[in-house]
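The values are calculated or read from the model by the stated rules, or taken from the named source; none is laboratory data. On a predicted model such as this, the values are computed, not experimentally measured, just so you know. Here the Cβ is made from the backbone with ideal geometry for all residues, glycine too, and neighbour counts use every protein chain on show.
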Amino acid sequence: MLEFKNKLKNNKELLTDTFYLALGQGGKLGIQAIYFVLIARSLGPASYGGFVALTAMTNIIAPFIGLGTSNLFIKNYRAGRRSAKVCWGNGVLVVLVTGVVCSVLVLACNQLIHLQASSWDILMIAVSDLIFMRITDLAMFGFAADGNMKQTAFQGFLISLLRLIAIAVLAWKYGAVSFDQWIAGYALTGILAALYAIWKAFQQWGIPQIDLKAIREDIAEGVFFSISTSAQSIYNDIDKTMLGKLSTLADTGIYGAAYRFIDVSMTPVRSLVSAAYPRFFKIGEEEGLPGTWKYAKRLISKSMLMGVAIFLGFMLLAPAIPYVLGHKYDAVVPAVRWLALIPFLRCIHSFLADSLSGANQQMLRTLIQIGIAVVNILLNFWILPRWSWRGAAWTSIASDALLVVSLWIAIQVIMRRPCAVCKAA
């Protein structure tokens with residue numbers, strides 16, 4: 001009877017957290033839809049493609065900012081190993097140091113790949129995405145760890161609202177927005193969102209504390225979270241950066257616009273993933289991989305229905321896209337249909353991956369995701385010069401499908417070990 005009550009309580013908490021996140025993501029979804037239409041129409045495919053190529057590059061590097069302190073905020077705070085003040089203070093310090101280093105690294109990388117943008121534009125994107133947005137992310141993870149899903153949801157909603165206001169003001173004032181104008185607005189909104197996050201964090205936790213010994217202890221584990229998230233960003237975003245180099249910016253804009261629809265469609269699933277993420281660590285601490293695998297299967301059975309609905313929705317509604325974005329984006333219709341399978345695959349591998357992390361198998365998860373990233377890059381070099389955005393769609397689908405299979409096999413192999421080994425690993 002007690003076990004049933006605890007299960008009911010946990011399900012209620014998951015449902016409540018998912019509701020708050022879905023509410024915030026739902027508002028964010030509506031705002032992003034308007035924001036996306038405005039930016040796509042105002043910039044046009046070529047300039048939008050240049051913007052996509054730049055942000056894709058920072059997305060790949062961004063996971064190394066903070067060296068996994070966002071993930072460790074949840075893990076260490078939920079396990080009682082660190083106070084919120086220490087997690088927040090250490091996280092901000094590491095974000096600032098690594099953010100400055102990686103912003104310089106982005107500028108250096110551009111000397112090799114020569115993206116079609118000025119060094120000043122690249123620096124503004126880097127500082128916004130690699131410093132200020134990472135502080136916002138750290139705060140969001142902290143609020144989630146502290147059970148304040150309302151604030152987590154609002155943080156994500158706020159940045160989308162600020163960017164909608166920025167592009168709306170620019171479009172109203174200038175009509176056709178230049179690339180440089182939008183980059184300046186994008187950077188400003190990142191700064192404003194970070195300032196709000198810092199203010200709310202101060203209200204909730206007070207003055208942050210820095211514990212250098214804790215930083216040294218956490219870095220070794222945090223690096224694996226960083227590498228894992230970076231590998232995920234690579235097989236999600238490297239195709240956009242490579243398209244910007246190996247194909248035309250117009251094709252990059254088409255593919256980037258199509259991928260944007262895919263990302264937006266994942267909003268309800270992403271809410272469930274975010275709400276469940278802290279619980280994987282709690283279950284893993286008590287039951288090991290058998291417990292997190294069981295929990296993942298329950299969530300996958302629910303989310304797969306969403307994946308099927310998203311796939312069918314794109315198949316039926318994709319022809320309406322040019323009426324929203326303009327006929328310069330006619331090619332987005334087949335691109336969206338090609339990519340429509342990705343949400344279904346992510347409804348599976350998102351929870352498989354989190355089941356490994358929760359069971360203290362982050363290193364294994366990281367190695368698998370690195371392998372997928374390498375395969376994705378090699379396929380892109382081979383396919384993109386000939387097939388452009390169509391090739392990018394093929395490699396994306398192949399990478400997500402391979403990730404599902406690889407994670408499932410890894411879990412099954414570990415599950416065959418004695419249960420004690422599963423829990424101790």
Report summary line: Picking from Leu299, Leu305, Leu312, Leu316, the residue that is buried (at least 19 other Cβ atoms within 10 Å of the Cβ) and out of contact with any Ser or Thr (no Cβ under 8 Å at 6 or more places or on another chain) would be Leu299
Query raised in the report: Do we have Ile159 as among the hydrophobic types (A, V, I, L, M, F, W, C), over 15 Å from Leu138 (Cα atoms) and at pLDDT below 90 here?
Result: no
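Could you please find all residues in the stretch 395-415 being closer than 18 Å to Tyr255 by Cα and crowded, with 17+ Cβ neighbours inside 10 Å? Give the steps one after another, and end with the answer.
Narrowing the stretch 395-415 to residues closer than 18 Å to Tyr255 by Cα: 395-400.
Within the stretch 395-415, Thr395, Ser396, Ser399, Asp400 meet the criteria.
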Query - Residues being crowded, with 23+ Cβ neighbours inside 10 Å and either touching a His at 6+ places or on another chain (Cβ under 9 Å) or aromatic (Phe, Trp, Tyr) (or both) - total across the stretch 262-280 - result: 1
Query - Lone unmet requirement of (1) assigned to a helix (DSSP H, G or I); (2) at pLDDT 80 or above for Glu221 - result: (2)
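Mind listing whichever residues of the stretch 362-380 are closer than 23 Å to Val269 by Cα, in contact (Cβ under 8 Å) with a residue 60 or more places away in the chain and either surrounded by fewer than 22 Cβ atoms within 10 Å (Cβ to Cβ) or of a type outside the set (D, E, K, R) (or both)?
To start, the set of residues in the stretch 362-380 that are closer than 23 Å to Val269 by Cα comprises 362, 365-366, 368-369, 372-373.
Then keep just the ones that are in contact (Cβ under 8 Å) with a residue 60 or more places away in the chain; that gives 362, 365-366, 369, 372-373.
Answer for the stretch 362-380, where residues must be closer than 23 Å to Val269 by Cα, in contact (Cβ under 8 Å) with a residue 60 or more places away in the chain and either surrounded by fewer than 22 Cβ atoms within 10 Å (Cβ to Cβ) or of a type outside the set (D, E, K, R) (or both): Gln362, Thr366, Gln369, Ile372, Ala373.
So which of Tyr235, Tyr255, Tyr259 ends up being out of contact with any His (no Cβ under 8 Å at 6 or more places or on another chain), at pLDDT below 70 and crowded, with 22+ Cβ neighbours inside 10 Å? Let's see the steps before the verdict.
Values: Tyr255 fails: at pLDDT below 70; Tyr259 fails: at pLDDT below 70.
It is Tyr235.
Would it be correct to say that Gln204 is in contact with an Asp or Glu (Cβ under 8 Å, 6 or more places away or on another chain), surrounded by fewer than 20 Cβ atoms within 10 Å (Cβ to Cβ) and closer than 27 Å to Gly91 by Cα?
On the way: in contact with an Asp or Glu (Cβ under 8 Å, 6 or more places away or on another chain): yes; surrounded by fewer than 20 Cβ atoms within 10 Å (Cβ to Cβ): yes; closer than 27 Å to Gly91 by Cα: yes.
Yes, satisfied.
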Query raised in the report: When the stretch 130-147 is examined, which residues are found to be at pLDDT below 85 and touching a helix residue (DSSP H, G or I) at 6+ places or on another chain (Cβ under 7 Å)?
Result: Ala144, Ala145, Asp146
